[in-house]
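See structure below.
The values are calculated or read from the model by the stated rules, or taken from the named source; none is laboratory data. Everything numeric in this text was worked out from a predicted model, so none of it was measured. Note: ideal-geometry Cβ built from the backbone for every residue, glycine included; neighbour counts use all protein chains shown. Accessible surface is based on the protein model in full, side chains and every heavy atom, while ligands, DNA and RNA are left aside. Shrake-Rupley method; radii C 1.70, N 1.55, O 1.52, S 1.80 Å.
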Amino acid sequence: MNGNYYQNPTFPTLDNSGYGNSFESGYEAGQLADVPMQQSYIENILRHNKGKKVKAYVSFPDSNEWRDKIFEGTIEQAGRDHLIIRDPKDGHWYLILMIYLDYVEFDEKIEYSEKGYIIG
């Protein structure tokens, strides 16, 4: 009926280079280290600074009790949509969704890209 005007959508698949977003070619959870890094994305900056102590400032706009919150701890992992922080003082682990993350404060110099740039 639509001829060739409307086409079916196509989606990228994960190839051997690690690019794409499909789980069909063997990409498993926990292989974040295999994902290529690009210097300007927040999750990649956080990955480069894994193990460093941070304060993550988070806002939950729909919550009256937790409107603004600060999570302190060590970066354990970062992904496209999340940040995992471990608080060594009390042993708590926090999974923070990136959509709620306002900014991150570091206590030391940070690595900015895979070329080893250091800011601070």
What does the accessible area of TRP93 come to, in Å² to the nearest 10, when a probe of 1.4 Å is used? 150
LYS52: accessible area at probe 1.4 Å, nearest 10 Å²? 40
Residue order for ASP68, ASP62, ASP90 - accessible surface, 1.4 angstrom probe, largest first: ASP62, ASP68, ASP90
Heavy-atom accessible area with a 1.4 angstrom probe orders VAL104, VAL54, most exposed first, as VAL104, VAL54
Keeping all protein chains in place and using 1.4 angstrom, which order do ASP107, ASP87 fall into by accessible surface area, from largest down? ASP107, ASP87
Could I have the simple spin-label model distance between HIS82 and GLU105, label points 7 Å from Cα toward Cβ, reported in nm to one decimal? 2.6
